[in-house]
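**Q** Structure provided below as structure tokens; questions to follow.
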Amino acid sequence: MQKQSSAEQIQKKSRRAYIIRRIGMWILVLFLLDVMTFGANNRIDITKYTYKTDALSVSFNGFRIVHLTDLHNKVFMENNEALLREIRALNPDIIVMTGDTIDASNHTNVADAVMFMEQIPEIAPTYFVHGNHEHNLPKSVLSGFEEKITNLENVHFLNNECVQIESHTGQTLSLIGLDDLSLQANILKTLADEAPDDFQILLAHEPQYLKDYYAETGVDLVFSGHVHGGQWRIPFTHQGLYGPDQGLFPKYSDGVYTEGDTTMYLSRGLGNSGFPVRLFNHPEIVCVTLETVSGDAS
Ligand SMILES: [Fe+2]
């Protein structure tokens with residue numbers, strides 16, 4: 001009888017130890033997930049590329065373009081100081097932004113977006129287009145934002161427009177900003193045909209039109225966003241889980257894509273929209289340096 005009860009006690013103890021171990025394991029898993037998620041949403045990756053071309057004057061050699069996208073009203077430390085510090089350290093010649101600066105889902109904050117647009121041109125001239133989220137805002141909210149930023153010095157809103165970017169010797173390239181609502185129209189072809197320079201850079205929010213639309217016009221470079229790297233990324237691969245307008249395992253989720261003579265840089269972006277968590281997917285700033293190689297351009 002005594003033997004049986006001590007056997008029962010041993011069984012109870014080992015069962016208790018098993019339960020404690022399981023609880024401890026789950027706490028550890030949740031802790032690691034939490035740490036990774038905080039990192040995945042707040043630690044900014046800087047991705048640097050060099051684009052070699054013989055189509056530009058040597059005066060553009062070393063010209064540095066910093067690309068930001070899909071901020072979605074995220075703020076990196078007070079007044080975005082952490083984000084601004086990273087951009088400043090890259091010493092860009094220009095900054096380009098490809099939309100979804102303001103979030104339209106559940107954390108719209110026009111004041112924060114305006115504050116960022118006031119701060120960023122102190123680093124370099126800034127050119128930006130709207131994404132789908134700006135167009136999902138109530139019209140009065142969007143026009144309020146546009147009114148506040150159109151008079152800012154060194155901030156250029158490209159609403160289906162082309163501007164010329166000058167090198168330090170006065171050579172130029174064309175920068176085209178395509179509004180997200182215009183993707184299905186023939187506007188890009190017209191803009192590219194009328195652009196004054198042979199070398200053309202396109203800012204366009206959505207990347208999935210690279211083959212059938214952007215490359216068809218013959219632009220040299222495209223900067224794009226929209227996919228947030230697939231929101232959750234599969235570790236040790238270059239594959240995102242889901243992309244808007246592309247579905248599961250999107251073809252375009254991040255990195256460099258070429259189609260004909262067109263190269264597209266697709267950033268994972270900085271923030272989140274409705275679904276609040278990135279996983280294995282740090283916010284990203286892309287920096288492209290132009291490298292001119294000898295060619296006809298002079
Ligand atoms: Fe977005």
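Throughout, read-outs are computed from the coordinates displayed, never taken from laboratory work. Predicted model, so just to flag it, every value in this text is computed and none were measured. Positions of Cβ are generated from backbone atoms using ideal geometry, with glycine treated the same way; all protein chains shown enter the neighbour counts.
**Q** Could you sort the peptides 134-146, 200-212 by per-residue average Cβ neighbour count (10 Å cutoff), highest mean leading?
**A** 200-212, 134-146
**Q** Suppose every K and R has +1 on its Cβ and every D and E has -1 on its Cβ; what is the size of the dipole of the chain about the Cα centre, in Debye to the nearest 20?
**A** Magnitude of the dipole: close to 2860 debye.
**Q** For a protection proxy built on the mean count of beta-carbon atoms within 10 angstrom, sort 95-105, 280-290 highest first, please.
**A** Peptide ranking by packing, descending: 95-105, 280-290.
**Q** Additional query: Give me the aspartates and glutamates in straight-line cross-link reach of LYS74: C-alpha distance below 17 Å, same-chain residues under 8 apart excluded.
**A** ASP45, GLU86, ASP100, ASP103, ASP112, GLU118, GLU134, GLU284
**Q** Tell me the label-point distance for the pair ASP54, ILE234, using the 7 Å Cα-to-Cβ offset, in nm and rounded to one decimal.
**A** Simple spin-label model gives 3.9 nm for this pair.
**Q** Still on this structure, please answer the following. What 222 nm value per residue comes from the helices of the chain, counting each DSSP H run with n ≥ 4 as -39,500 (n - 2.57) and dividing by all residues, nearest 500 deg cm²/dmol?
**A** Taken over the chain, the calculation gives -9500 deg cm²/dmol.
**Q** For the ranges 66-73, 156-163, 6-13, what's the packing order if you count other beta-carbon atoms within 10 Å of each residue, average per peptide, and put the highest first?
**A** Result, highest mean Cβ count within 10 Å first: 66-73, 156-163, 6-13.
**Q** In Å, the Kirkwood hydrodynamic radius of the chain over pairs of distinct alpha carbons?
**A** When all Cα pairs of the chain are included, the Kirkwood radius is 20.8 Å.
**Q** To continue, here is another question. With angles folded into 0 to 90 degrees, how steeply does helix 81-90 sit against the dominant principal axis of the chain? Use alpha carbons for both and round to 10.
**A** With both axes taken from Cα atoms, the answer is about 50 degrees.
**Q** Among ALA192, THR126, GLN164, which residue has its Cα positioned farthest towards the positive end of the charge dipole of the chain, with +1 placed on the Cβ of Lys and Arg, -1 on the Cβ of Asp and Glu, and the dipole taken about the Cα centre?
**A** THR126
**Q** Test of understanding: express the Cα radius of gyration of segment 40-167 as a ratio to 2.2 N^0.38 Å, with N the residue count.
**A** So segment 40-167 has a normalised radius of gyration of 1.10.
**Q** In addition: Considering only C-alpha atoms, what is the centroid distance from segment 1-58 to segment 232-298, in Å?
**A** 27
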